[in-house]
Amino acid sequence: LFRSVDVTLTPFEADGAKLVLCVVRDLGDQIADVLRNLEDTQGVLEGVEHALQVRNQMLGEISAMQSWFIGTDAPGEEFDALLERMLRYTNSQYGFIGQILHDEDGAPYLHTFAVTNISWNEDTRRFYEENAPTGMIFRNMETLFGAAIVSGEVVRANHPGSDARSGGLPDGHPALNAFLGVPFIRDGAPVGMVGLANRPGGYSQGYVDSIRPLLDSLAQIVIAHRTEVARSAAEREVLRQKDDLSHSNLRLAEALRTRNTFMSMVSHELRSPLTPILGFSEGLGFGIYGELTEAQQGALKNINDSGHRLMGLIDDILDYARSDVDPGELEIAPVEVGPLLLGCQSMMASAAEMKGMVIALDLEDESQRVLASEPHLRKLIMALLDNAVKFTPSGGSLGVRVRRAEEGTAVDIEVWDSGIGIAPEDHQRIFEPFFQLDHDKARHFEGSGLGLALGAKLAELLAGSLTVQSALGEGACFTFRCPAE
């Protein structure tokens, strides 16, 4: 038997004699301690190596999960693969990945992205095959996963059968030996969760902490998927609305073409008989067909007045219909405001004189020019002057002012009058087609209600704006702001 010893020899003298002290020490226990320390160190190193392997494996799983999610275009397949990785890594038998939604009453429910097939008979097998591809819905919150959804906290149950939070299992359901439910939180509320079941040895808190990076990565993927689905849905809705708008515009364009065709037909069919009616009535008035009695002359005047009123209504409707043109079709060019307003003043002079009024002109700069389509600008000014003459009682006053706007890039053409005025609540409605003021002072004024509507459309067509300042009994001032040259 060989043993390890430590021998120490120490020479010395005693009573004149030379002697040697020999000390022999058994090293067996010391060597055994060193060997044990080496074994412990080796164990620690092996533990560190195992921990690094586990960590690297987890990082590999996380990287693979994220790469799979980024690289796939099939949402169902991506989560099936993620669930398979989670089950394999955690050594779990069953599991699911899902999002948490809410019904109309605000009650939460689980909609799965991926779920293990745990069907146990023909009915459950058929139910799984029909619903798993699009996601299965679970509304019963009296369950372990329901407890995680409602509380927003991790639920661990290593003895589910005796856990008070468990709602039990239906007959035939595979045994549930352990359960782990981890909700994913965003903005303080659970938006999804992963459920795992039947890991040998259960799910300790330490184990949950060790796989937390994997769970956090899965949570980010679930939340990213939910955000991407919402974004895609929003994009589809925008495209749908754009498509609907395109169809609506096509239908509107067709309706406008139909209306304009109808208006042209109405113009011809109404003007054709009306023109000779007015011609014959004027001939009767001039005595071409013989002298008329006073009563006949009065009746003839009513015919003339009504005929001209009808002709004016036809003209208003046609002018309004013809204002539906593409702005790109207009010939925009510099227009001298002064000569154009003098022409409008001349054309409206007789109508104003019949009510004892003169149209005043106030030009800040007689050479002022604006960028517009001259025919459309003239029609706009005429519509505003006609409105001013119509709603200003005899003996009143009206006129036109031209001023360069404060910003210097626009010109204000103001048509004002001392007429009956407009209540503030009607300032927007007066620009609607066929709208007529409904108060005592306005009821005896006749018209189609299209003059100001036509003016508003022309103002928009000319890239300008038409506004009004007025109050009842205080007259009105309409301002057309248009681009200056």
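The values are calculated or read from the model by the stated rules, or taken from the named source; none is laboratory data. All of these numbers come straight from a predicted model, not from anything done at the bench. Don't worry about glycine lacking a Cβ; one is built from the backbone with ideal geometry, like all the others, and counts go over all protein chains shown. Calculation scope for accessible area: heavy atoms of the full protein, side chains included, ligands and nucleic acids excluded. Shrake-Rupley method; radii C 1.70, N 1.55, O 1.52, S 1.80 Å.
Look at segment 328-357: where a residue is touching a residue at least 24 places away in the same chain (Cβ under 8 Å) and a partner is assigned to a helix (DSSP H, G or I) and among the basic types (Lys, Arg), sitting 6+ places away or on another chain with Cβ atoms under 8 Å, you get 340/378; 343/378; 344/378.
Sub-7 Å Cβ pairs linking a first residue in segment 452-481 that is in contact (Cβ under 8 Å) with a residue 12 or more places away in the chain to a second residue that is among the basic types (Lys, Arg), at least 6 apart or interchain, are 458/379; 464/481; 465/481, ordered by first then second residue.
The single residue among 132, 157 that is buried (at least 16 other Cβ atoms within 10 Å of the Cβ), in contact with a Lys or Arg (Cβ under 8 Å, 6 or more places away or on another chain) and closer than 19 Å to residue 196 by Cβ turns out to be 157. Please work out if residue 378 is open to solvent by 20 Å² or more (accessible area, probe 1.4 Å), assigned to a strand (DSSP E or B), over 25 Å from residue 356 (Cβ atoms) and at pLDDT 90 or above. The answer is no for residue 378.
Which ones in segment 104-117 are in contact (Cβ under 8 Å) with a residue 12 or more places away in the chain and open to solvent by 50 Å² or more (accessible area, probe 1.4 Å)? I'd like the intermediate steps shown before the answer.
Residues of segment 104-117 in contact (Cβ under 8 Å) with a residue 12 or more places away in the chain: 107-117.
117, the sole residue that qualifies.
Looking only at segment 130-149, which residues are of a type outside the set (Phe, Trp, Tyr) and more than 31 Å from the chain's Cα centre (by Cα)? Working first, answer last.
So the first thing to find is which residues in segment 130-149 are of a type outside the set (Phe, Trp, Tyr), and the list is 130-137, 139-144, 146-149.
Once the filter is applied, which keeps residues that are of a type outside the set (Phe, Trp, Tyr) and more than 31 Å from the chain's Cα centre (by Cα), segment 130-149 yields 130, 131, 132, 140, 141, 142, 143, 144, 146, 147, 148.
Candidates in segment 211-234 are the residues that are closer than 25 Å to residue 166 by Cα and without any contact (Cβ under 8 Å) to a residue 40 or more places away in the chain; of these, the one that is surrounded by the fewest Cβ atoms within 10 Å (Cβ to Cβ) is 212.
With respect to residue 303, determine if the residue is over 30 Å from residue 378 (Cβ atoms) and either open to solvent by 50 Å² or more (accessible area, probe 1.4 Å) or in contact (Cβ under 8 Å) with a residue 60 or more places away in the chain (or both). So residue 303 passes the test. Can you pull out every residue in segment 392-421 that is closer than 17 Å to residue 455 by Cβ and either among the acidic types (Asp, Glu) or modelled with pLDDT under 90 (or both)? Correct list: 412, 414, 417.
Could you tell me which of the residues 228, 237 is over 18 Å from residue 148 (Cα atoms) and modelled with pLDDT under 85?
On the way: 237 fails: modelled with pLDDT under 85.
Only one candidate qualifies: 228.
Within segment 135-154, the set of residues being among the hydrophobic types (A, V, I, L, M, F, W, C), open to solvent by less than 80 Å² (accessible area, probe 1.4 Å) and not in a loop (DSSP other than H, G, I, E, B) comprises 137, 138, 144, 145, 147, 148, 149.
Considering (1) in contact (Cβ under 8 Å) with a residue 40 or more places away in the chain; (2) open to solvent by 40 Å² or more (accessible area, probe 1.4 Å); (3) within 16 Å of residue 94 (Cα to Cα), the lone condition that residue 169 does not fulfil carries the number (1). Would segment 246-265 turn up any residue that is surrounded by fewer than 14 Cβ atoms within 10 Å (Cβ to Cβ), farther than 30 Å from residue 320 by Cβ and of a type in the set (Gly, Ala, Ser)? The answer is no; no qualifying residue exists. Among the residues making up segment 381-421, those that are in contact (Cβ under 8 Å) with a residue 60 or more places away in the chain, closer than 20 Å to residue 363 by Cα and assigned to a loop (DSSP other than H, G, I, E, B) are 405, 408, 409.
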